[in-house]
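Here's the structure we're looking at; comments come further down.
The values are calculated or read from the model by the stated rules, or taken from the named source; none is laboratory data. Worth saying up front: this structure is predicted, and the values here are computed from it rather than measured. With ideal geometry, Cβ positions are generated from the backbone for all residues, glycine too; neighbour counts draw on all protein chains shown. Protein only, heavy atoms only, side chains kept; ligands, DNA and RNA dropped before computing areas. Shrake-Rupley method; radii C 1.70, N 1.55, O 1.52, S 1.80 Å.
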Amino acid sequence: MPTGTFNNSSCNNLQIFSWNAGGIKGKFRELKYFIDEKQPDIVALQETHLNPGVKLSIPNYTTYRNDRMTHRGGGTALLIKNSINHHPTPVFTSTFENTSVSIDLPNNNRFTISSIYRPPMGGLTPKI
């Protein structure tokens with residue numbers, strides 16, 4: 001299991017994990033191993049520390065992410081299992097970093113899940 005704490009939740013039988021990675025590049029193998037072993041439906045990542053030139057790809061998952069463009073650190077991502085009906089739902093704010101996706105459940109209900117990171121010092125600039 002990757003270092004750090006994965007938080008596990010369940011919503012209508014969906015297995016959801018959240019992880020503040022503190023930089024994913026050096027921990028990618030651990031993340032992949034964890035996903036291969038646990039097969040979660042959704043993984044929310046905070047502090048990915050990625051820039052747009054770096055791929056974050058896991059087989060059988062769609063990756064949505066928002067990289068911090070102003071300075072080092074930050075960044076959020078959601079990995080959604082391809083078998084789940086979903087679509088991106090952007091949330092624009094200057095107070096926290098986020099990646100949001102709407103999940104369409106088989107019973108015609110929908111919910112939005114977000115991976116959110118708020119830097120300790122704040123001071124984010126809005127995305128345009």
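Could you check, for region 77-92, whether at least one of its residues is crowded, with 20+ Cβ neighbours inside 10 Å and assigned to a loop (DSSP other than H, G, I, E, B)? Checking region 77-92: not a single residue is crowded, with 20+ Cβ neighbours inside 10 Å and assigned to a loop (DSSP other than H, G, I, E, B).
Contact map, region 34-63: residues that are under 14 Å from GLN15 (Cα atoms) and assigned to a helix (DSSP H, G or I) paired with residues that are open to solvent by less than 40 Å² (accessible area, probe 1.4 Å) and of a type outside the set (Phe, Trp, Tyr), Cβ distance under 8 Å, separation 6+ or inter-chain. Pairs shown: PHE34/PRO2; ILE35/VAL43; ILE35/ILE58; ILE35/LEU79.
For region 104-120, filtering for residues that are in contact with a strand residue (DSSP E or B) (Cβ under 9 Å, 6 or more places away or on another chain) and within 22 Å of THR48 (Cα to Cα) leaves 8.
On the stretch given as region 67-81, residues that are modelled with pLDDT of 95 or more and within 11 Å of the chain's Cα centre (by Cα) total 5. Of all residues in region 100-122, one or more are over 16 Å from the mean Cα position of the chain (by Cα), part of a strand (DSSP E or B) and surrounded by 12 or more Cβ atoms within 10 Å (Cβ to Cβ).
To keep it simple, each residue is scored yes or no on (1) open to solvent by less than 60 Å² (accessible area, probe 1.4 Å); (2) under 24 Å from ASN107 (Cβ atoms); (3) not small (Gly, Ala, Ser).
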| position | (1), (2), (3) |
| --- | --- |
| ASN13 | no, yes, yes |
| PHE17 | yes, yes, yes |
| ALA21 | yes, no, no |
| ILE24 | yes, no, yes |
| LEU31 | yes, no, yes |
| ASN51 | no, no, yes |
| ARG72 | no, no, yes |
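For first residues located in region 86-99 and over 17 Å from GLU47 (Cα atoms), partners that are outside any loop (DSSP other than H, G, I, E, B) and open to solvent by 60 Å² or more (accessible area, probe 1.4 Å) and lie 6+ apart or on another chain with Cβ distances below 8 Å form the pairs THR89/THR112.
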